[in-house]
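Undergrad: I am attaching a structure below and will ask some questions about it afterwards.
The values are calculated or read from the model by the stated rules, or taken from the named source; none is laboratory data. Nothing here was measured: the structure is a model prediction, and the numbers come from that model. Cβ placement follows ideal geometry from the backbone for every residue including glycine, while neighbour counts extend to all protein chains displayed. The accessibility values were calculated without ligands, DNA or RNA, using every heavy atom of the protein model including side chains. Shrake-Rupley method; radii C 1.70, N 1.55, O 1.52, S 1.80 Å.
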Amino acid sequence: MFVMTLTLVSDFSSVLLDLKDKDIILSKPVTGKTLSAAKTLHIMIYMLYMTIAFIAPSLIAGLIRQGLLFFIVFFIGIILMDIFIVVITALLYLLIVKFFDGEKLRDIINYFQIALVMVMSVGYQILCRLFNISEFYGIEYTHKVWHYIIPPVCFGGPFELVLKGNRETYIIIFTALSILVPIISMIIYNKFTSAFEYNLQKLNETSQNYKSKTKGFNYLLSRLVCRNKEEAAFFRFATNMMKKERNFKLRVYPSLGFSLVFPFIFLLTSLKESRLEGTVPIKVYFSIYFIGFMISGIISTIGFSGNYKGAWIYKVIPLNKTDAIFKGTMKAAIVNLVLPIYIFVSTIFMILFKGKILMD
């Protein structure tokens, strides 16, 4: 669920929220429901490919070690899980586009993606560690009512029911939820697909009274980090593009959430058997460099735009060298995307390690 959700948010949100060719297709005898179904099917096919690549070794190992029945339960559970992930994500997007419009809608979608990535990342790590905790302390599972809203627990129900013959009420409810919730959610999504496609038009609107409040600050930053006027101009241009270019934000912003969370996940891993003071000598705080991994993603994405045909302007402007374009753009990416996260994480690490890593 962790890997598939992150794949859907990072790679397929642009498909789910795509508005290209929409006016042409819907002007033909094609309904919004048909178009949305085609998008969902396209996503499901690729999700199936990724699922097979990711889960095939486990399926084969389960078939050899646990038998055919385990294989069937596992396979059906994975398919239902993929359906659940796609449909629930789409329904959440539907809820967002229903209540927001224009530039605010674009921002809300990006914030939602970052939040989803962070919740899934932290939840995945916590869930994995529960096995170690339960094994170490001899803790046995105790059913609670709130477990019904935790999808991984529900999808574990069929294994207990079918393989171990456990017919307690909560196990039966878990099994029923793992089967019915994906099917019901798909029916609900199918009912609202036309409304979803209609509300997606709001992404092309511009909200009233939506004005940038960072224009002066952006100008000041460009003066501080750039050597000449040309470089500063491209710094400001790139900054504005990063804030307004929807496809760029859909691809890059979720990785920002990753970079914000993972240094702390590595830190928590090291704290499992030692106190905080004991982590300093083994250089655990070097996990902060995980933030640097997102730079490659930014660089590979920053050269693309939804309005790429406007790039002819670079060939006609009176610039002797193109250095200013690349320097200004790269500085804008580092200052606006990398540096804020690095400062935030560094500040928390400084507090945790009581200033001992100041020189680092």
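Undergrad: Exceeding 28 Å between C-alpha atoms, which entries from my cross-link table qualify? They are Lys39/Lys164; Lys20/Lys98; Lys39/Lys327; Lys104/Lys315.
TA: Going by Cα-Cα distance, Lys39/Lys164; Lys39/Lys327; Lys104/Lys315 fall outside the 28 Å limit.
Undergrad: How large is log10 of I(q)/I(0) for region 291-349 at q = 0.20, 0.22, 0.25, 0.27 Å⁻¹ when the intensity is taken from the Debye formula with one equal scatterer per alpha-carbon?
TA: -0.86, -0.96, -1.10, -1.17
Undergrad: Quick one: accessible surface of Ile172, probe radius 1.4 Å, all protein chains present, in square angstrom to the nearest 10.
TA: In the full protein context, Ile172 sits at about 80 Å².
Undergrad: May I ask you to compute the full-extension gain from Asn228 to Ile313, defined as 0.36 nm times their residue separation minus their alpha-carbon distance, rounded to one decimal in nm?
TA: Difference between extended and current length: 28.6 nm.
Undergrad: If you count, for each residue, the other Cβ atoms within 10 Å and average over each peptide, how do 182-191, 89-98 line up from highest to lowest?
TA: By packing density, highest mean first, the sequence is 89-98, 182-191.
Undergrad: How many nm separate the modelled label positions at Ser270 and Ser300, each set 7 Å beyond the Cα in the direction of the Cβ?
TA: Distance between the two pseudo-spin positions: 2.8 nm.
Undergrad: State, to one decimal in nm, how far the label point of Leu91 lies from the label point of Thr142, with both points 7 Å from Cα in the Cβ direction.
TA: 3.1 nm
Undergrad: Given a Förster radius of 41 Å and the C-beta distance between Thr322 and Met359 as r, what FRET efficiency does 1/(1 + (r/R0)^6) yield to the nearest 0.05?
TA: E between Thr322 and Met359, to the nearest 0.05, is 0.60.
Undergrad: In region 216-231, which residues have a backbone nitrogen under 20 Å from the label point lying 7 Å from Ile343's Cα in the Cα-to-Cβ direction?
TA: Zone members listed by number: 216-227.
Undergrad: Using a 1.4 angstrom probe with every protein chain in place, what is the largest-first accessible-area order of Phe262, Phe196?
TA: Phe262, Phe196
Undergrad: Also, I was wondering about something else. With label points built 7 Å along Cα→Cβ from the Cα atoms of Lys104 and Ile150, find their separation and express it in nm.
TA: That separation, rounded to one decimal, is 3.6 nm.
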